[in-house]
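The values are calculated or read from the model by the stated rules, or taken from the named source; none is laboratory data. For clarity, every value in this text was computed on a predicted model and none was experimentally measured. Counting neighbours? That spans all protein chains shown, and the Cβs are built from the backbone with ideal geometry, glycine included. Surface accessibility is based on the protein's heavy atoms, side chains included, excluding ligands, DNA and RNA. Shrake-Rupley method; radii C 1.70, N 1.55, O 1.52, S 1.80 Å.
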Amino acid sequence: MAILLLADHDNETLSDQTARAVTAAIKIGENVHVLVAGKAAKAAAEQAAKLSGVSKVLLADSDALAANLAEPLSDLIVSLAGSYDTIISAATSVGKTVLPRVAALLDVAQISEIIEVVSSDTFKRPIYAGNAIQTIQATDAKKVITVRTASFSPASQGPLAAVEEISTAALSSHLSSFVSDAVTSSDRPDLTSAKIIISGGRALGSSEKFKEVILPVADKLGAAVGASRAAVDAGYAPNDWQVGQTGKVVAPDLYIACGISGAIQHLAGMKDSKVIVAINADEEAPIFQIADYGLVGDLFEILPQLEKAL
Ligand code: FAD
């Protein structure tokens with residue numbers, strides 16, 4: 001039987017997260033079908049068709065699917081589920097909203113945020129904020145899985161797969177409806193796919209200081225900007241910059257943590273980064289235990305010097 005992968009997209013562009021989830025899917029089995037469900041999402045379907053390991057793309061087009069709402073998306077997936085033994089998605093906000101509903105409708109247990117595929121029914125996933133790794137064997141006939149994409153590299157480009165338009169007749173009326181979308185637009189790279197991230201913590205003290213010392217270095221490095229939860233809760237940085245257990249999970253090539261103590265909940269979101277640089281005034285700060293390079297000092301002195309040197 002085949003694997004159905006729910007694509008993450010905005011109707012025009014396929015997210016990098018989907019390419020990473022494809023890498024996980026092809027480790028589970030060979031026949032990977034990508035479901036691109038949306039409104040006028042042909043361009044996203046064509047991008048999915050180019051991913052290596054994808055054998056078919058299913059394109060579902062409906063007004064009801066335009067906004068990635070969980071009810072119509074899960075109804076559509078359940079209507080297709082008979083032909084698949086694995087239903088999988090990146091653990092993005094869409095995947096994390098839709099797949100639990102799919103699992104409930106199919107009456108199976110969801111396997112959340114896998115970081116490794118051991119075999120077609122056995123997976124590794126972090127628990128206790130990443131302090132332990134659980135190996136889990138699925139016994140349900142149908143597996144519903146979300147993928148922690150930071151642990152998988154994106155699938156490369158491969159031979160073009162066929163794009164098949166599918167019926168959306170199974171979609172009926174739903175309780176929820178789309179009201180509005182408030183998206184922060186930024187010229188900076190997306191946090192979850194950035195190669196370099198510079199993050200600030202409570203030590204920044206204000207959003208003005210955040211802009212004054214973190215953003216110029218980010219601009220020089222072409223980096224995405226992250227923040228600790230303490231910085232977000234204090235209003236120094238927007239919500240969607242939060243890295244950690246209750247924020248985004250990232251694994252860039254370079255992560256620069258500035259004035260961040262290194263609480264386990266923050267580490268849960270960034271400890272898989274390839275190179276970690278920590279700047280902290282306290283040489284005992286726990287962040288230094290996982291840092292590849294540590295600078296003990298005042299970030300308000302170090303960061304302007306770094307910016308000048310760059
Ligand atoms: P602090 O712990 O206050 O650290 C500030 C650091 O700045 C200190 O190490 C200090 O030495 C240093 N410093 C001070 N002044 C300077 C200076 N001038 N120059 C250089 N260094 C300086 N946290 C997250 O980040 N992400 C999450 O997703 C998250 N989820 C959570 C979920 C739960 C259920 C809970 C309970 C907590 C969660 N937290 C999360 C919060 C977490 O426990 C910490 O409180 C938080 O990460 C601390 O943020 P911080 O390191 O910025 O602040």
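Values for this structure:
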{"item": "For the chain, built as a Gaussian network whose Cα springs stay under 10 Å, the top-fluctuating residue of VAL57, VAL22, VAL118", "result": "VAL118"}
{"item": "For the range 4-31 and the range 38-97, distance of Cα centres in Å", "result": "9"}
{"item": "Cα gyration tensor shape of the range 144-249, rounded if a/c is under 1.5, else prolate or oblate by comparing a/b with b/c", "result": "prolate"}
{"item": "Helix-only CD estimate at 222 nm, as mean residue ellipticity for the chain, using -39500 (n - 2.57) per DSSP H run (n ≥ 4)", "result": "-7000 deg cm²/dmol"}
{"item": "Å² per residue, accessible surface of the range 221-310 at 1.4 Å", "result": "48"}
{"item": "The range 267-296-the range 207-253 distance, computed between alpha-carbon centres (Å)", "result": "15"}
{"item": "Listed residues ALA285, ALA227, ALA41, most fluctuating in the chain (Gaussian network, C-alpha, under 10 Å)", "result": "ALA285"}
{"item": "Along the chain, longest interval not containing exposed chymotrypsin sites (Phe, Trp or Tyr not before Pro), exposed being DSSP loop plus at most 15 other Cβ atoms within 10 Å", "result": "179-310"}
{"item": "Rounded percent of accessible protein surface that carbon and sulfur make up, the chain, 1.4 Å probe", "result": "49"}
{"item": "Loop sites in the range 30-113: trypsin sites (Lys or Arg not before Pro), DSSP, at most 16 other Cβ within 10 Å", "result": "LYS39"}
{"item": "0 to 90° range, to nearest 10: angle between helix 299-309 axis and the chain longest Cα axis", "result": "80"}
{"item": "Average silhouette area of the range 107-188, convex hull of alpha-carbon atoms, in square nanometres", "result": "10.7"}
{"item": "Using distinct alpha-carbon pairs, which all enter the 1/r mean, Kirkwood radius of the range 12-83 in Å", "result": "12.7"}
{"item": "Share antiparallel - DSSP beta bridges, the chain, percent rounded to 5", "result": "20"}
{"item": "Between helix 93-106 and the chain: long-axis angle, C-alpha atoms, 0 to 90°, nearest 10", "result": "40"}
{"item": "Low-density loop cleavage sites - GluC sites (Glu not before Pro) in the range 30-120, where at most 12 other Cβ are within 10 Å (DSSP)", "result": "GLU30"}
{"item": "Whole-Å semi-axes of the range 166-310's equivalent ellipsoid (Cα gyration tensor)", "result": "32, 16, 15"}
{"item": "Selection of trypsin sites (Lys or Arg not before Pro), the range 103-195, meeting DSSP coil and at most 14 other Cβ within 10 Å", "result": "LYS195"}
{"item": "Among 273-284, 213-224, the order from most to least packed when residues are scored by Cβ within 10 Å on average", "result": "213-224, 273-284"}
{"item": "Choice from ASP272, ASP121, ASP292 showing the highest fluctuation, given a GNM over the chain with Cα pairs closer than 10 Å", "result": "ASP292"}
{"item": "Whole-angstrom Cα spans of the chain along principal axes, big to small", "result": "61, 39, 39"}
{"item": "Kirkwood Rh (inverse of mean 1/r, distinct Cα pairs), the range 1-136, angstrom", "result": "15.0"}
